[in-house]
Amino acid sequence: MLAEEQVHALITPHSPADHLRLAALHRYHILDTPACEDFTFLTELAATICGLSYAFVSLVDADRVWVKSCAGMHLAELPRADSYCALAVLGEAVTEIPDLTQDPRTAGMPLTVGAPFMRRYSSVALTSSDGFAIGALCVMDTRPGRLSNEQRATLVKLARQVMALIELRANEKTLEATVRELELLATTDDLTGLHNRRSLLHRLKFEVARARRFRAPLSAVMIDLDHFKRVNDEHGHAVGDQVLHTLGKLLRETVRVIDIPGRYGGEELCVILPNTPLDGACKFAESLRARIAAQIHYAGARPLHVTASLGVGTFDHMDIDDSESLLRQADAALYRAKHEGRNRVACAN
């Protein structure tokens, strides 16, 4: 085997152990993230303490080495076979090559034979919490040589700080994702994917306050599925749940970004329509009624049609000037729609 082939085999292993190492790297979700002053500071500090011109924080991916931060020159990434840092994940905690031109693994690499003609390389592996080398903190220069014992010990300490920063950023992302998930669970109805009652009423109070401040129109549409108890009794609650789930999807796809659709309770849904006067809300409700009636649900192989009655209320800044009165007006209109025959829209008088 030629020396070049031996080098490539060393630098780009595809053994099961490398798959585990890559899994550890990808858990941190750091690849291709924006530049960060904290990483840049540690990289520049490494170059200064070691008295060398170049320093990098590099992460070794499957086929490339991606640079998180650099000092002395800008470098975004290199093919894994062309990077010195690929050597840092092969097992040694510290990798030091005093003359890159004299080492068969590095003599033909682009940064050795081309500008800036690197001659020395020292690195400390960045080791994950489960013991895998995911990259390196490295220093380089265009003159051959070695680090002193003190410089090498300091580089090891700095590498620990880099890894601690990677862990911290990953934990922050995990925490942010957890908070978002908890917020979603706290505000979303599982079955329909709409706002739950608590979230709906909270958002309504906010929209009422805004309508008062800016004298803006605000409407609400109450929606009740016709004879829904019959669906549950005849076909089972699983079919009833599927109907509600499908209706929730229809609402999410129908409303505007500013609208607030929610599950008010049971089979009763509600849509808050900011900046919408009564006539616009009634048109929206009629369009929604027709869409609901046109949907086909299934109880096994049997098609099932479900209709809805809708009531529309609107904020008039006089008698209807708070969230409770707005919902009462919409609910009264809904009652009229059901009393007048169902599968229809009734608007506030």
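The values are calculated or read from the model by the stated rules, or taken from the named source; none is laboratory data. Given the structure is predicted, the values throughout are model-derived calculations rather than measurements. All Cβ positions, glycine included, derive from the backbone under ideal geometry; neighbour counts span all protein chains shown. Surface areas here come from the heavy atoms of the whole protein model, side chains and all, with no ligands, DNA or RNA. Shrake-Rupley method; radii C 1.70, N 1.55, O 1.52, S 1.80 Å.
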Worksheet entry | Residue that is farthest from N232 (Cα to Cα) [pool: residues in the stretch 281-308 that are of a type in the set (V, I, T) and either without any contact (Cβ under 8 Å) to a residue 40 or more places away in the chain or outside any helix (DSSP H, G or I) (or both)] | I296
Fill in: From the options A159, A115, A177, residue that is over 22 Å from S83 (Cβ atoms) and aliphatic (A, V, I, L, M)
A177
Worksheet entry | Residue that is outside the structural domain of A281 (by the TED database) and among the β-branched types (V, I, T), where the choices are T254, T246, T192 | T192
Fill in: Pairs with Cβ under 6 Å, 6+ apart, first in the stretch 225-242 and more than 14 Å from G265 (Cα to Cα), second surrounded by 12 or more Cβ atoms within 10 Å (Cβ to Cβ) and of a type in the set (D, E, K, R)
D226/R342
Practice prompt. Answer with yes or no whether C270 is within 31 Å of the chain's Cα centre (by Cα) and closer than 14 Å to S219 by Cα.
Written response: yes
Worksheet entry | Near pairs, Cβ below 9 angstrom, 6+ apart or cross-chain, from the stretch 173-193 (free of Cβ contacts under 8 Å to residues at least 60 places away in the same chain) to any residue that is open to solvent by 60 Å² or more (accessible area, probe 1.4 Å) and in a helix (DSSP H, G or I) | A186/R198; T187/R198; T187/H202; T187/R203; G193/H245; G193/K249; G193/R252
Item to complete: Mind counting the residues in the stretch 140-172 that are without any contact (Cβ under 8 Å) to a residue 12 or more places away in the chain and under 17 Å from T95 (Cα atoms)?
Response: 6
Discussion item. From the list L273, L194, L218, L288, exactly one residue is touching a Gly at 6+ places or on another chain (Cβ under 6 Å), on the phi < 0 side of the Ramachandran plot and of a type outside the set (V, I, T). Which is it?
Written reply: L194
Worksheet item: Does R336 fit the bill of being open to solvent by 50 Å² or more (accessible area, probe 1.4 Å) and either within 39 Å of the chain's Cα centre (by Cα) or touching a residue at least 60 places away in the same chain (Cβ under 8 Å) (or both)?
Response: no
Discussion item. Can you name every one of the strands (runs of 3 or more DSSP E) wholly within the stretch 58-147 that holds 1 or more residues which are open to solvent by less than 10 Å² (accessible area, probe 1.4 Å)?
Written reply: 64-71, 94-97, 120-127, 133-141
Practice prompt. Hand me the list of helices (runs of 4 or more DSSP H) wholly inside the stretch 191-280 holding 3 or more residues that are open to solvent by less than 10 Å² (accessible area, probe 1.4 Å).
Written response: 197-214, 237-254
